[in-house]
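What follows is a short report on a single structure.
The values are calculated or read from the model by the stated rules, or taken from the named source; none is laboratory data. Quick caveat: nothing in here was measured; it's all calculated off a predicted structure. Here the Cβ positions follow ideal geometry from the backbone for every residue, glycine too, while neighbour counts run over all protein chains shown. For the accessible areas, the whole protein counts, side chains as well, though only heavy atoms, and no ligand, DNA or RNA atoms are used. Shrake-Rupley method; radii C 1.70, N 1.55, O 1.52, S 1.80 Å.
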Amino acid sequence: MTGMPRTPPGAAETVPNPDALEARVGLRIAGALARNSDNLPHDIAERLKVARLRAVERGREMHKLQTAPAHHRQGGTLVLAGPPSWWLRLASLAPLALLLVGLLCIQRSYVDQQVRAAAELDAAILTDDLPPQAYSDQGFAEYLRSPHTVE
């Protein structure tokens, strides 16, 4: 290859920056087009002018997109751009934590209600006129299940 400079042996090869390489190629093409623009027919020159204007406009749009703010309003909502930050991820776990706390409170309330019901039953049995042994007697349990007639 005749146009490429050769690196001396033992020298470290450097990889050119792709952006710088692209800019250099663009400048060379622009220079060649500017030198030969007088030799082009009118219709081709007009098409090139329109294409150049479109490319400049597209470049401005790309620049606006690259410098866009991290958030913008879309309708009535705030839209965040970019990956979520650590505080947003932490805040998204807050509903789960609240749900777990609520379920634990419900479970504790249920257990407390069962303990209160058992305590009321024990108090009723102990304060009744019948001795507690009567409740464990099979005959007495059958007597309680049978219908009573009051005379």
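Is the C-alpha gyration tensor of region 17-58 telling us rounded, prolate or oblate? Criteria: a/c under 1.5 is rounded; beyond that, a/b larger than b/c is prolate, otherwise oblate.
Values: a/c = 4.63, a/b = 1.59, b/c = 2.91.
Note, shape of region 17-58 comes out oblate.
What are the ³J(HN,Hα) couplings of region 135-147, residue after residue, when phi is run through the Karplus curve with 6.51, -1.76, 1.60 and θ = phi - 60°? Round to Hz, x for glycine and proline.
6, 8, 6, 5, x, 5, 4, 5, 5, 5, 6, 6, x
Would you mind getting the accessible area per residue of region 104-151, heavy atoms of the protein chains only, 1.4 Å probe, in Å²? It would help to have the intermediate numbers written out before the result.
On the way: 4530 Å² over 48 residues.
Accessible area per residue: 94 Å².
Go ahead and run the numbers for FRET between Ile29 and Glu61, Cβ-Cβ distance against an R0 of 22 Å, rounding to 0.05. If you can, show how the numbers build up before the last one.
On the way: r = 21 Å, r/R0 = 0.96.
FRET efficiency, Ile29 to Glu61: 0.55.
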